[in-house]
Amino acid sequence: MEELIIRNLLQLLLLILLLLVVGCSNNVFQDNITITSIEIMKFKNSPPTEEYYNEEGEVISVITSEEEISKIIKSIEGAESESLENANIALPNYMLIFKNNGEKVKSLGYNPDVESKDYFYDISEDMRYKTNPIKLMEKYK
């Protein structure tokens, strides 16, 4: 009887741990979509809202390496997230445009290396994701 109780408690603990691990990941990207490239777009400082939303910046680099794309996506999906619903922030100077065979899947604003963190902004979802620095600007300037 005691073994049964201990086994049930262990199963319950494992279930709780599994829920915590799954709950800590952000579902920023659709699971059935493959990202084949990421464009890095640069805007002038404090870009006008219309320019930003129309993605009228300068594409400074395109990432096509599957390994690098996977690393970036995993970093964002494992990031600490927070709502921007009531925040008053300046628009980021960079944007990452995630594409599948040339078709835009998602755009995220990007502020690199702010207080030793990178920030990604999903303006359409009012969310911000904070990651450890992935040094995109050092690699792809």
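The values are calculated or read from the model by the stated rules, or taken from the named source; none is laboratory data. As the structure is a prediction and not an experimental result, all values here were calculated from the model. Cβ sites come from the backbone with ideal geometry, for glycine too, and all protein chains shown count toward neighbours.
Screening segment 89-141 for residues that are hydroxyl-bearing (Ser, Thr, Tyr) and in a helix (DSSP H, G or I) and picking the one that is nearest to LYS44 (Cα to Cα) gives TYR140.
Here TYR53 clears all of (1) at pLDDT 85 or above; (2) of a type in the set (Phe, Trp, Tyr); (3) touching a Phe, Trp or Tyr at 6+ places or on another chain (Cβ under 8 Å) except the condition numbered (3). Condition check: within 21 Å of ARG128 (Cβ to Cβ), free of Cβ contacts under 8 Å to residues at least 40 places away in the same chain and not aromatic (Phe, Trp, Tyr). Does GLY78 satisfy that? In short, no.
State yes or no: is ASN32 loosely packed, with under 11 Cβ neighbours inside 10 Å, at pLDDT below 90, assigned to a loop (DSSP other than H, G, I, E, B) and not small (Gly, Ala, Ser)? So ASN32 fits the description; yes. Taken together, the residues in segment 83-103 that are under 17 Å from TYR121 (Cβ atoms) and either within 14 Å of the chain's Cα centre (by Cα) or not polar (S, T, N, Q) (or both) amount to 13. Within segment 36-82, being under 14 Å from the mean Cα position of the chain (by Cα), charged (D, E, K, R) and outside any strand (DSSP E or B) holds for GLU68, LYS71, LYS74, GLU77. In summary, ASN27 fulfils each of the numbered conditions (1) modelled with pLDDT under 90; (2) surrounded by 12 or more Cβ atoms within 10 Å (Cβ to Cβ) with the single exception of condition (2).
Taken over segment 49-75, the residue count meeting the criterion of being crowded, with 18+ Cβ neighbours inside 10 Å and within 16 Å of TYR129 (Cα to Cα) is 1.
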